[in-house]
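Here, each number is a calculation from the coordinates, and none is a lab measurement. The structure presented is a predicted model; accordingly, all values stated were derived computationally and were not measured. Using ideal geometry, Cβ is built from the backbone for each residue, glycine included, and neighbour counts are taken over all protein chains shown.
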Amino acid sequence: MNEAGEGSDGKVSLPAVADLLQANTLKAQLERVLASGSEMTIDASAVQRISSPFLQVLVAGVGTFKKAAGPSLTISNPSAAFLETVSTLGLKDALGLSGA
C-alpha cells in the first residue's frame, strides 16, 4: 500500500512506509473525519518506517481532535517499528500511547 487507506467509517490504515509523501494524505483524512464529527481510528500495525514529517501531522491531528472536545482519535495496533520511533522521539504521550 502506497498511502494511508481510509474506510468510510473513520478507520485509517497506515502504510508500511509512512513518510512525507503520505503526510498530506493523512492531513486530508484527519480534516475530513474531524469535519464530519466522527470518531477516528488509525491502525498502525503495518508501519515499518515512519518519518518525522508524518509524525508531525499525526501529533497535530491528535491535538486537534483533543481540542475539539468531541470525537476521539485512537491509534490502534501500533507496530514495533512505530512504537520504537515514537518512543525514541519522545512522542508516546502526545499520541496517547503512554501505556503501549
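Within the stretch 42-59, is there a residue that is among the acidic types (Asp, Glu) and assigned to a strand (DSSP E or B)?
Step one: filter the stretch 42-59 for residues among the acidic types (Asp, Glu), giving 43.
Restricting the remaining residues to those that are assigned to a strand (DSSP E or B) gives 43.
Checked against the condition, which is being among the acidic types (Asp, Glu) and assigned to a strand (DSSP E or B), the stretch 42-59 yields at least one hit.
Any chance you could count how many residues in the stretch 88-97 are within 15 Å of the chain's Cα centre (by Cα) and small (Gly, Ala, Ser)?
Number satisfying all stated conditions: 2.
Only residues that are under 17 Å from Ala81 (Cβ atoms), polar (S, T, N, Q) and not in a strand (DSSP E or B): list them for the stretch 12-38, please.
Gln22
Does any residue of the stretch 77-85 turn out to be part of a loop (DSSP other than H, G, I, E, B), of a type outside the set (D, E, K, R) and under 12 Å from the mean Cα position of the chain (by Cα)?
The answer is yes; a qualifying residue exists.
Does the stretch 78-87 contain any residue that is out of contact with any strand residue (DSSP E or B) (no Cβ under 6 Å at 6 or more places or on another chain), over 16 Å from Ser13 (Cα atoms), of a type in the set (Ser, Thr, Tyr) and exposed (fewer than 12 other Cβ atoms within 10 Å of the Cβ)?
no
All but one of (1) at positive phi; (2) of a type outside the set (A, V, I, L, M); (3) surrounded by 15 or more Cβ atoms within 10 Å (Cβ to Cβ) hold for Phe54; state the number of the condition that does not hold.
Result: Phe54 fails condition (1) only.
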